[in-house]
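*Asks:* I'd like to ask some things about the structure below.
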Amino acid sequence: MNKPFPDPSLGMRHDLHPGDIGYIIYMHGIFHALEQGWDHTFEVYVAVPLAEFAQSKSSREKIWILEEGDRIAGSVAIVKRTEEEAQLRWLLLEPEIRGRGIGRWLVEEALDFSRISGYESIFLWTVETLYIAANLYRSVGFVQRERLTHEIWGSTVTEVKYELPL
């Protein structure tokens, strides 16, 4: 489907370079600490599966890395969970580039890739306080399937699972 990228001032790539894994973890840690009040344990939640993803050689997994100059400005990835099911992970944009349609473009590209890769469904976990992200997910067809409130990342968090048949 490959819709035109909404912001030509940004670069976009699919390969991991030295420092990318650490920087993506750092971005998630810093932004979610500032915006959600979470502690350093959220970085572990991001780091472990991201490290596993980085070592995977599956053609059914892919990462989109946005660059502004020589630094990462955002990312999203598709991770294989089963032969039939993919997971959308690590969607995050620098605050300065939010609101330009870039997040929607990334999610739509990830969904297109998942369809082409033969997945039957896709899911994601987010938190209920990320309202703009939840609105985006619902607008492309995701449906809320599960809610879980617990103490995690130094806070009381309600995680929400969204699913979409492809």
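*Asks:* Among the residues of the range 116-139, how many are aromatic (Phe, Trp, Tyr) and either part of a helix (DSSP H, G or I) or in contact with a Ser or Thr (Cβ under 7 Å, 6 or more places away or on another chain) (or both)?
*Replies:* Of the residues in that region, 2 qualify.
*Asks:* Filter the range 113-166 for residues that are open to solvent by 40 Å² or more (accessible area, probe 1.4 Å) and at positive phi and give the result.
*Replies:* If the condition is that a residue be open to solvent by 40 Å² or more (accessible area, probe 1.4 Å) and at positive phi, then Gly118, Gly154 are the ones that fit.
*Asks:* Regarding Ile102, is this residue farther than 22 Å from Pro49 by Cβ, touching a Gly at 6+ places or on another chain (Cβ under 9 Å) and open to solvent by less than 30 Å² (accessible area, probe 1.4 Å)?
*Replies:* yes
The values are calculated or read from the model by the stated rules, or taken from the named source; none is laboratory data. For clarity, every value in this text was computed on a predicted model and none was experimentally measured. Backbone-built Cβ (ideal geometry, glycine too); neighbour counts: all protein chains shown. Note: areas computed on protein heavy atoms with side chains; ligands, DNA, RNA excluded. Shrake-Rupley method; radii C 1.70, N 1.55, O 1.52, S 1.80 Å.
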